[in-house]
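The values are calculated or read from the model by the stated rules, or taken from the named source; none is laboratory data. Just so it is clear, the model here is predicted, and its values are computed rather than measured. A quick note on method: Cβ atoms are made from the backbone with ideal geometry, for glycine too, and the neighbour counts reach across all protein chains shown. Just so you know, the surface numbers come from the protein's heavy atoms only, side chains and all, with ligands and any DNA or RNA stripped out. Shrake-Rupley method; radii C 1.70, N 1.55, O 1.52, S 1.80 Å.
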Amino acid sequence: MRAIRHIAVNVFRESVRDKVLYNLVFFAVLLISASYLLGQLTAGQDVKIIKDLGLAATSIFGLFIAVFIGIGLVSKEVERRSVYGVLAKPVRRHEFVLGKYLGLVLTLAVNIAVMAVALYLVLGYMAWMTPANVQAAWDAPALDPALLKAVFLIFVELCLITAVALFFSTFSSSILSAVLTFGMFVAGHFDADLKNFDQVVASPAAGALARGMYYVLPNLASFDVKADVVHGQPVPWALMGLATGYGLVYIAMLVLAAMFIFSRRDFK
Amino acid sequence: MQSAIRTEELTKDYAVGFWRKRPHRALDRLSIDVAPGEVFGFLGPNGAGKTTTLKLLMQLIFPTSGRAEILGQPVGAVAVRRRLGYLPENPYFYDYLTAEELLGYFASLFGYVGPERRRRVSMLLDRVGIGAERRMQLRKFSKGMLQRVGIAQALINDPEVVFLDEPMSGLDPVGRREVRALMLELRDRGTTLFFSSHILADAEALCSRVAILAGGRLTAIGQLSELLAFEIRGWELVVADLRPELIDRLGDVVRHHAEIAPGRYALELTLAEPPERLLAEVLGAGARLVALNPLRDTLEDVFMKHVAEASSHRMTTE
């Protein structure tokens, strides 16, 4: 346990010093702030646009952080051979993988928190500037706590993407891991379409393949409640629990597979 | 007595080739036994299998066959890793950490905390000559400075057995002398040192025993004095007041001769005849003995011979 904690803290410390991270967070905060200006252009829709853009920025920039720092967790360590020094210490290989993963989850949590605070600040300013009668026409209040539900599910989704990046990076190069992880992210968002693919294609083989992929690929659409939250639609706790549970099971499988592969591989 | 390091028929094959993979033997049935407190030099040209052996001992790679033990336990056991240190070849650490933070991190993996951890880190960085630079991020470090940090991290847990892969690589002459002194200090404290090198002067200055590896095979192993003693290739006789015509009379037994001062000659004698007889003849002719020394191969000669033998053996078997 001690080793896992120290490795995780080290990942966090290293990544907060990485300029890539600062740039990503800076641009995310900039985009969230800019959404205020965009909102001014569309009368009546402004608060929705800010929420929409803010949540999308949190998700996209979080994805960049998860992929670019996530693949560096293992494959870059192996390519640069910094892993040799650590694995000669009293650290089991699976502890190394788990420590690395938890360190990045911690980094993600802090970054998403920063982005969420930035979003709430912009929304707070918006509410302060808007007369009460205009606010009454909004679908949901500016400082709607339900936004946190969307932010939380973005976090779970990014933890899953990080686990995908970690999994690929235990056996492939960093560039290949990045490509595969992005591919998985895109495919994961269209996963639901694969389920009924057999109804739109003539070939039964293609239909069966698509059905198989539907079960294997993560269904990332289930973490996306952004539109519901922005339009003031309720997001039931049951749905939150189900999505989180699904995410955790998927993450556990990926991390276990990553540990298994990493424990058996040679560092040439 | 229990060995510090023991390998038995340790073998490693790598699959090479992109399409049709075929095995390439990087290490072939290596069996060595290193006693506690020994300074063991692992010598060989590039690609001989030195780093492969060290990686097998650190369980960074898994053997194809054979086994290896450190301090009586199988390699890879966490309990063993607590008691050993390892300097990888051309070490590379984390760009964004300072030397102090890196050593602190590694110390914490061994369970050092608080002031004890700070004391150890500071003491080791002093020991390897890293001064104010210890608060600089490692990406700004030169190769030689990284090597020093690498040596410091290998000693963070006060290890009983230390593995050093090319410890002198990247160091300037001052750095090499300091590292040599550090290794001798560790030896005097009873630490077992196992180091790979292709720099033979280091091995001659430090090792009690050496192994020579070529083409993945062990070609020679033994104490330095034994390895070199086997290889007497003649005698050097230095005499004064020698008449030059006597040299011609001695015949083929004199391989070379050189006049080093008027009437003073250095004669290189072959092993064809015992030196005592020739000495008696030269002295009988009125010359004076200045010195008689056996001519031994240097470690470099021994090394080159074994490497050449191994490569010709490989060519005939392939």
Which of (1) under 25 Å from the mean Cα position of the chain (by Cα); (2) within 14 Å of residue B:104 (Cα to Cα); (3) away from every other protein chain (no Cβ under 13 Å) does residue B:144 not meet, given it meets every other one?
(2)
I need every pair where a residue in the range B:112-129 that is closer than 14 Å to residue B:149 by Cβ has its Cβ under 7 Å from the Cβ of a residue that is outside any loop (DSSP other than H, G, I, E, B) and open to solvent by 80 Å² or more (accessible area, probe 1.4 Å), sequence separation at least 6 or different chains.
B:129/B:178
Given (1) assigned to a helix (DSSP H, G or I); (2) at pLDDT 85 or above; (3) open to solvent by 20 Å² or more (accessible area, probe 1.4 Å), where does residue A:125 come up short, assuming only one miss?
(2)
Pick out the one residue from B:18, B:93, B:62 that is open to solvent by 30 Å² or more (accessible area, probe 1.4 Å), assigned to a loop (DSSP other than H, G, I, E, B) and within 9 Å of chain A (Cβ to nearest Cβ).
B:62
Tell me yes or no: at least one residue of the range B:34-46 is open to solvent by 10 Å² or more (accessible area, probe 1.4 Å), closer than 26 Å to residue B:311 by Cβ and charged (D, E, K, R).
no
Condition set within 14 Å of another protein chain (Cβ to nearest Cβ) and not hydroxyl-bearing (Ser, Thr, Tyr), scope the range A:246-268, selection surrounded by the most Cβ atoms within 10 Å (Cβ to Cβ): answer is A:262
List the helices (runs of 4 or more DSSP H) inside the range A:1-108, counting only whole elements, that have at least 3 residues being more than 10 Å from every other protein chain (Cβ to nearest Cβ) and open to solvent by 10 Å² or more (accessible area, probe 1.4 Å).
A:2-17, A:19-41, A:46-71
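Within the range A:198-243, track down each residue that is assigned to a loop (DSSP other than H, G, I, E, B) and under 18 Å from residue A:188 (Cα atoms). So that I can check it myself, show each step before the final result.
Initial filter on the range A:198-243 (assigned to a loop (DSSP other than H, G, I, E, B)): A:200-203, A:217-219, A:224-225, A:231-236.
Of everything in the range A:198-243, those that are assigned to a loop (DSSP other than H, G, I, E, B) and under 18 Å from residue A:188 (Cα atoms) turn out to be A:217, A:218, A:219, A:224, A:225.
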So, first residue at positive phi in the range A:73-95, second residue modelled with pLDDT of 90 or more, Cβ within less than 7 Å, six or more apart or across chains; the pairs are A:81/B:88
Which numbered condition residue B:56 misses (of (1) surrounded by fewer than 15 Cβ atoms within 10 Å (Cβ to Cβ); (2) touching a residue at least 12 places away in the same chain (Cβ under 8 Å); (3) within 11 Å of chain A (Cβ to nearest Cβ))
(1)
Kindly list the number of the only condition in (1) under 24 Å from residue B:112 (Cβ atoms); (2) touching a residue at least 60 places away in the same chain (Cβ under 8 Å) that fails for residue B:136.
(2)
Tell me whether the range B:253-269 contains one or more residues that are in a loop (DSSP other than H, G, I, E, B) and small (Gly, Ala, Ser).
yes
Scanning the range B:284-300 for residues that are touching a residue at least 40 places away in the same chain (Cβ under 8 Å) and in a helix (DSSP H, G or I), which turns out most open to solvent (accessible area, probe 1.4 Å)?
B:300
So is residue B:109 hydrophobic (A, V, I, L, M, F, W, C), open to solvent by less than 50 Å² (accessible area, probe 1.4 Å) and touching a helix residue (DSSP H, G or I) at 6+ places or on another chain (Cβ under 8 Å) or not?
yes
Specify the residue that is nearest to the chain's Cα centre (by Cα); the eligible residues are those in the range A:235-252 that are of a type in the set (Gly, Ala, Ser) and closer than 20 Å to residue A:164 by Cβ.
A:247
Read through the list (1) out of contact with any Leu (no Cβ under 9 Å at 6 or more places or on another chain); (2) within 14 Å of another protein chain (Cβ to nearest Cβ); (3) open to solvent by 30 Å² or more (accessible area, probe 1.4 Å); (4) over 25 Å from residue B:38 (Cα atoms), then give the number of the only condition that residue B:129 fails.
(2)
Give the residues of the range B:221-240 that are touching a residue at least 40 places away in the same chain (Cβ under 8 Å) and open to solvent by 90 Å² or more (accessible area, probe 1.4 Å), sorted by residue number.
B:233
Taking the range B:154-190 and the residues there that are touching a Pro at 6+ places or on another chain (Cβ under 8 Å) and of a type in the set (Asp, Glu), the one that is modelled with the highest pLDDT would be B:160
Would a scan of the range A:188-205 turn up a residue that is without any contact (Cβ under 8 Å) to a residue 24 or more places away in the chain and in contact with a Phe, Trp or Tyr (Cβ under 6 Å, 6 or more places away or on another chain)?
yes
Here is a list: B:122, B:196. Which entry is outside any loop (DSSP other than H, G, I, E, B), of a type in the set (Gly, Ala, Ser), crowded, with 18+ Cβ neighbours inside 10 Å and in the same structural domain as residue B:98 (by TED's automatic domain parsing)?
B:196
Qualifying position, being within 10 Å of chain A (Cβ to nearest Cβ), open to solvent by less than 30 Å² (accessible area, probe 1.4 Å), closer than 21 Å to residue B:191 by Cα and touching a residue at least 60 places away in the same chain (Cβ under 8 Å), among B:70, B:151, B:156
B:156
When only residues in the range B:77-90 that are more than 7 Å from chain A (Cβ to nearest Cβ) and open to solvent by less than 20 Å² (accessible area, probe 1.4 Å) count, which is nearest to the chain's Cα centre (by Cα)?
B:87
